[in-house]
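Here's the structure, in structure tokens; my notes come after.
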Amino acid sequence: MAEAVKVVDDVTFEDLLANPYPVFKRVRDLGPVVKVEAANIMMVTRFDDIMAIERDPETFSSVNPQSLLNTVIGPNLMRKDGADHARERAAIDPSLRPGVVKRCWAEPMQAICADVISRIEHKGEAELFEDLAAPIAARALCDILGIDGVDWPTMVLWSQSLIDGSGNYSHNPEIARKAKEAARGVESAVNRMLPHHRDNPNASMLSSMLQAGQTTEQIYANIKVAIGGGLNEPRDSILTLILGLLQNPDQLARIRAEPSLWGQAFEEAVRWISPIGMYPRRLTRDVEISGTLVREGEQVGLCVGAANHDDRRFSDPEKFDVFREKKSHLAFGAGSHFCAGTWVSRALVSQIAVPMVFERLRNLRLKAPELVRVRGWVFRGPTHMPVVWDA
Amino acid sequence: MPTIRFLLAGGEELAVEALNGRSLMETALENSVPGIVAECNGSAACATCHVVLPDQIMSALGPISEHENDMLDFAEAPREAGSRLSCQIKVSDILDNVAVRIPSA
Ligand code: HEM
Ligand code: FES
């Protein structure tokens, strides 16, 4: 007999935003699929269940024409499957492959990080969200997308407005208006850039989509996906990696002595505090998930943040431990929608930005541990991180 | 039904019956071959399904796509002459009794 979906109704939305991990643990231990009323979603939280779901896209589909994401940014690759998805994905991949990252993006990303750090280096003190991680992530993204002449605060605003609009389930008119404004802003930037990319084929995502013969509608929508989904995560993982290392100086010392460990440190950071905590899939038929019945048409939230703390797989999951037993995590998702920006992020965060921060800001330390704020559950990361160093 | 001989990173051999038309990666997962993680489930996006094939098979399989070629340079275990992403290879009779090595990282 299939079990019914259990319900958790004594958790508030604020509990999730403040720290979802205790909720995730409770839900994970309660059952494979649990409805959490405060989030109005059925959560799947166990590592093996999510991996199995991502290997069966015919049952667990990303297609959802009614989704807010589609309403806000137009039909896009994140909400397509099969051949439609593969075509759009193949149109952006040439700008994001690891070899292209190394050949085309490493140098400009290096220059951006050096410039951002130069602006604060002499001060001996900074708030790393505003002064470091946001400008680095936004400026790197502009280069990769092939967008000039948009300053980083505008990119941050567009990104956040698109994200908020896609999560605007209460239909707040102000959020909807801002999302629309951001969408228009992106479209006009794309319009301004297209002639240049048409005349000068290059490695950027805009050029790559043109070379693949994508329509203007497809270009608009998938550039918006990349702006909504390619800024917060590198920003947050830069901060998370710095935070984990500042809280664990012994691990930092080992990594600095052996720089080949930076890659491993980054994977642990995104496992520890996953920048994307949850994303949805829709059922195309009635199905049992590890014995719990879920009906056709219903939506489940794949809580990769929870899976990355699944103690069936990771021991002491809440600990930041670069040297833990090596196992794959789900921070970049899995299956055909596996993050397209994985390789850019690995290079930017673990090979360039964070090593440079520790190289140039000598004796870096938290100004006061209690001032650090970490927040969010669908998107999670440090939101405030004052630090000091020897200038 | 060809037999595929997976040579595991530890040195053991695991021989499995494979279905023509399936990918080598799917064959490995269906038989719980250790070392094939295949996070992206066959989309050539993650490079966690790296295998090494003998030379004569490499030439028989035909050219590697530009995307796979780029990806292979960044797999965790160093690339070798016979390196491929197992998700990009369809099982066929030419793989019968071929030794498919899982490189150790
Ligand atoms: C640490 C950094 C990052 C993390 C943790 C991350 C995480 C994720 C996750 C979990 C997904 C899967 C969503 C789903 O299946 O519904 C995803 C998809 C995606 N990401 Fe990232 N991301 C990061 C950085 C980036 C960057 C820098 C870019 C762009 C340059 C980017 C572009 C994309 C795109 C285009 C998709 C959709 C892929 C598809 O549907 O085929 N990501 N990301
Ligand atoms: S399964 Fe990801 S590259 Fe083959």
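The values are calculated or read from the model by the stated rules, or taken from the named source; none is laboratory data. This one's a predicted model, so the numbers in the text were calculated from it and none came from an experiment. Cβ: placed from backbone, ideal geometry, glycine included. Neighbour counts: every protein chain shown. SASA here: full protein model, heavy atoms, side chains in, ligands and nucleic acids out. Shrake-Rupley method; radii C 1.70, N 1.55, O 1.52, S 1.80 Å.
Details
- Burial annotation for segment A:92-106: residues with an accessible-area loss of at least 30 Å² between the isolated chain and the complete set of protein chains, computed on heavy atoms with a 1.4 Å probe, are A:R97, A:P98.
- Simple spin-label estimate for B:R22 and A:R256 in nanometres, 7 Å along Cα-Cβ: 5.1
- Per-residue 3J(HN,Hα) values for segment A:262-276, derived from phi via the Karplus relation 6.51 cos²θ - 1.76 cosθ + 1.60 with θ = phi - 60°, read 4, x, 4, 5, 5, 4, 5, 4, 6, 6, 5, 10, 6, x, 10 Hz in sequence order (x marks Gly and Pro).
- Comparing each chain alone with all protein chains together (probe 1.4 Å, DNA, RNA and ligands left out), the residues of segment B:58-89 losing at least 30 Å² of accessible area are B:H67, B:D70, B:M71, B:F74, B:E76.
- Taking every residue in A:56-69 and counting other chain Cβ atoms within 10 Å of its Cβ, the average works out to 0.
- A 1.4 Å probe, protein heavy atoms only, puts the accessible area of A:W105 near 20 Å².
- Surface exposure of chain A, expressed per residue as accessible area with a 1.4 Å probe, stands at 42 Å².
- Take A:201-207, A:221-227 and order them by the average number of nearby Cβ atoms within 10 Å per residue, most first; the result is A:221-227, A:201-207.
- Rounded accessible area per residue of segment B:16-105, 1.4 Å, Å²: 43
- Helix-only CD estimate at 222 nm, as mean residue ellipticity for chain A, using -39500 (n - 2.57) per DSSP H run (n ≥ 4): -14000 deg cm²/dmol
- A simple packing score, the average count of other Cβ atoms within 10 Å per residue, orders the peptides A:291-298, A:58-65 as A:58-65, A:291-298, with the highest score first.
- Comparing each chain alone with all protein chains together (probe 1.4 Å, DNA, RNA and ligands left out), the residues of segment A:334-349 losing at least 50 Å² of accessible area are A:F338, A:W343.
- Taking the DSSP beta bridges with both ends in segment B:3-101, the antiparallel portion is around 70 percent.
- Measuring nothing but protein heavy atoms, the accessible surface of chain A at 1.4 Å probe radius is 52 percent carbon and sulfur.
- Shape call, chain A: gyration tensor on alpha carbons, a/c limit 1.5: oblate
- Interface B-A: total buried accessible area of about 1400 Å², 1.4 Å probe, protein heavy atoms only.
- Spin-label pair B:M1/A:D321, simplified geometry with 7 Å Cα→Cβ offset, distance in nm: 4.2
- Each Cα pair under 8 Å and six or more residues apart adds its sequence gap; the mean of these over the residue count of chain A is a relative contact order of 26 percent.
- DSSP beta bridge pairing in chain A, given as percent antiparallel to the nearest 5: 75
- For A:275-281, mean number of other protein chain Cβ atoms within 10 Å: 0
- Check: segment A:39-79 dipole with +1 on Lys, Arg Cβ and -1 on Asp, Glu Cβ, in debye: 180
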